[in-house]
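Below: the structure, in structure tokens.
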Amino acid sequence: MTKLKAYRVQDPVPELVPGSVKRDWMEATPDRFAYRCLPLNMANVTGWELKLNHGFDATWNGGMLASDITIKPHDPSVNLQHTVLSHFASGIITFHTGYLFRTPEGWATWAMAPPNTVKDGITALDGLVETDWLPFPFTMNWRFTHPCTVRFEKGEPFCFITLVEPRKLSETSIEIENIHSNKELFDEYVAWRNSRTEFNAKLQANDPETLRISWQKHYMKGRTPSGEAKVAPDRAKMRMQKPVTKS
């Protein structure tokens, strides 16, 4: 079993929790249809979130100095010194994660915004951190896209972490071939394409049975269009393990 160690380096630390599948924009889609996309759902939950202990507003006037960014806590009594600041200037705000993460040899930590989230006026800067040897914590950085004020709520995830093996990725070769060179795969692809085309045509024609089904569930169920089971359907409910406090 791969083990991720999270050593607290400050008190209090941000809450560290398994990634949530829920997204406000996905909730707002008609009939919540965005949740029918399994790749979106799996990306949302394949990692852990760090959540803010306090909310604040950050304002950038467009200048390149640290003083061109102001950070105002929603609770005036709160000191955000160990939470967020303008360290790198250039329209960037820096969050302290509060943890020193340690991964097994060969594994690194990818720090990013929670997948499939959008925040107007600011974007997260991804970082791939060699947490299998670094003896110090990393920070999470966001950069304004234009002069404005952005609001971060208490309990809002400001960082999402997942694990990768960069060395193995660097040794991965890519071979480009015509799909006709793999007859079995080509036949499965054609079956999917034909099934998809027929289903969409019936939707457009308001076929009652197709409207009742609403959408094809082959991928969600881990089955090919012919009905052959390829993977367990319960992967759609996959969730990361909750952190356990040891000391």
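The values are calculated or read from the model by the stated rules, or taken from the named source; none is laboratory data. In this text the structure is predicted, and so the values were computed from the model without any measurement. Please note: Cβ atoms are built from the backbone with ideal geometry, for glycine as well, and neighbour counts cover all protein chains shown.
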Among the residues of the stretch 227-240, is any part of a strand (DSSP E or B) and surrounded by 14 or more Cβ atoms within 10 Å (Cβ to Cβ)?
no
Could you go through the stretch 42-53 and let me know if any residue there is more than 21 Å from T83 (Cβ to Cβ) and charged (D, E, K, R).
no
Considering residues of the stretch 25-78 that are basic (K, R) and assigned to a helix (DSSP H, G or I) only, the residue modelled with the lowest pLDDT:
R36
Hey, does the stretch 171-183 have a residue that's loosely packed, with under 14 Cβ neighbours inside 10 Å, out of contact with any His (no Cβ under 9 Å at 6 or more places or on another chain), small (G, A, S) and under 30 Å from W48 (Cβ atoms)?
no
Of the residues in the stretch 96-121 that are under 23 Å from C148 (Cβ atoms) and of a type in the set (A, V, I, L, M), the one that is surrounded by the most Cβ atoms within 10 Å (Cβ to Cβ) is A113
G127 vs (1) more than 30 Å from Y35 (Cβ to Cβ); (2) free of Cβ contacts under 8 Å to residues at least 24 places away in the same chain: all pass except (1)
Identify the single condition in (1) of a type in the set (G, A, S); (2) assigned by TED's automatic domain parsing to the domain that holds R23; (3) not in a loop (DSSP other than H, G, I, E, B) that G155 does not satisfy, given that it satisfies every other one.
(3)
Hey, L52 hits all of (1) crowded, with 19+ Cβ neighbours inside 10 Å; (2) in contact with a Leu (Cβ under 8 Å, 6 or more places away or on another chain); (3) not small (G, A, S) but one; which does it fall short on?
(2)
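Which of the residues spanning the stretch 200-221 are assigned to a loop (DSSP other than H, G, I, E, B) and modelled with pLDDT of 75 or more? If you could, list the steps in order and put the result at the bottom.
Going through the stretch 200-221, the residues assigned to a loop (DSSP other than H, G, I, E, B) turn out to be 205-207, 214-221.
Within the stretch 200-221, A205, N206, D207 meet the criteria.
Tell me which residues, restricted to the stretch 168-185, are hydroxyl-bearing (S, T, Y) and either part of a loop (DSSP other than H, G, I, E, B) or within 30 Å of P104 (Cα to Cα) (or both).
Pass one, the stretch 168-185, residues hydroxyl-bearing (S, T, Y): 170, 172-173, 181.
Listed by number, the residues that qualify are S170, T172, S173.
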Please specify each residue of the stretch 156-181 satisfying the condition of being polar (S, T, N, Q) and under 30 Å from V84 (Cβ atoms).
T162
In the stretch 182-214, how many residues are of a type in the set (G, A, S) and under 15 Å from E228 (Cβ atoms)?
2
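Filter the stretch 71-89 for residues that are polar (S, T, N, Q) and within 18 Å of K119 (Cβ to Cβ) and give the result.
Scanning the stretch 71-89 gives T83, S86.
How many of the residues making up the stretch 32-58 are in contact (Cβ under 8 Å) with a residue 12 or more places away in the chain and under 30 Å from R212 (Cβ atoms)? Let's see the steps before the verdict.
From the stretch 32-58, those in contact (Cβ under 8 Å) with a residue 12 or more places away in the chain are 33, 35-36, 38, 40-58; that's our starting set.
Among the residues that remain, those that are also under 30 Å from R212 (Cβ atoms) are: 33, 35-36, 38, 40-45.
Adding up the residues that qualify gives 10.
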State yes or no: is S90 among the small types (G, A, S), within 14 Å of K154 (Cβ to Cβ) and assigned to a loop (DSSP other than H, G, I, E, B)?
no
